[in-house]
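The values are calculated or read from the model by the stated rules, or taken from the named source; none is laboratory data. This is a predicted model, so every value here is computed, not measured. Ideal geometry is used to build each Cβ from the backbone, glycine not excepted, and the neighbour counts take in all protein chains shown.
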């Protein structure tokens, strides 16, 4: 075992990335150093991985934390499951087992370490979950408050954007633009109706200005979508990458 010393506290995501980069094995198992995870669970994770999975996620089913933290975590996990489609119960549990090839295409930054199973799912990884032990905190101070929950939610928006629209941004910006354009059209139609049938002058109605404003914003969104499409096209052509990724056939499967 060889320790790695970082020059500064860059955060958990950076620490895990440093460990992944330095590791040499075919299977990588990260875990927290606060002694709440139990190393005795590692062989169980590896046995489960041997059943043909690419990721085995630890699940702190009987979690030894405060009630507020547990319920906040359940809420966040439920939201992540709903938005990403990855059906595991505990994204925040660091104790997981990964095959190396699953992590080779994962680039982590910010506080994205909890979303590694989501990245793996996008790459076609086979994911399962296994209940693991969880001990009361003895050392260290938990840093889990409203600010961190907010960061998790913002990171989730980034994950949703990358997963659903990274290769087709015009669908996002164009869709929003079309929705605003329709709302603007409704405002202009209402203005015309009031002028023709109710004799209300345009200058006396805010709906006309609201409609024009919505049309302007809609046009800007569509233009942003087109620019994003050009950026994505240039990026993929420059890196010479493909829109798909191959994986090894499961053991025992005919070639």
| query | Tally time: how many residues in segment 21-58 are in contact with a strand residue (DSSP E or B) (Cβ under 8 Å, 6 or more places away or on another chain), within 19 Å of residue 106 (Cα to Cα) and surrounded by fewer than 18 Cβ atoms within 10 Å (Cβ to Cβ)? | reply | 3
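Kindly establish whether residue 37 is touching a helix residue (DSSP H, G or I) at 6+ places or on another chain (Cβ under 8 Å), part of a loop (DSSP other than H, G, I, E, B) and within 18 Å of residue 133 (Cβ to Cβ). Give the derivation first.
Details: touching a helix residue (DSSP H, G or I) at 6+ places or on another chain (Cβ under 8 Å): no; part of a loop (DSSP other than H, G, I, E, B): yes; within 18 Å of residue 133 (Cβ to Cβ): yes.
No: the conditions fail for residue 37.
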| task | Check segment 85-100 and report whether any residue there is assigned to a helix (DSSP H, G or I) and at pLDDT 90 or above. | result | yes
| note | For residue 157, the lone unmet condition from (1) under 23 Å from residue 71 (Cα atoms); (2) surrounded by 12 or more Cβ atoms within 10 Å (Cβ to Cβ) is (2)
| message | Under 7 Å between Cβ atoms, which residue pairs at least 6 apart in sequence (or on different chains) link something in segment 35-62 that is free of Cβ contacts under 8 Å to residues at least 12 places away in the same chain with a partner that is surrounded by fewer than 21 Cβ atoms within 10 Å (Cβ to Cβ) and part of a helix (DSSP H, G or I)? | response | none
| request: Filter segment 164-216 for residues that are closer than 30 Å to residue 237 by Cα, buried (at least 17 other Cβ atoms within 10 Å of the Cβ) and modelled with pLDDT under 90 and give the result. | output: 165
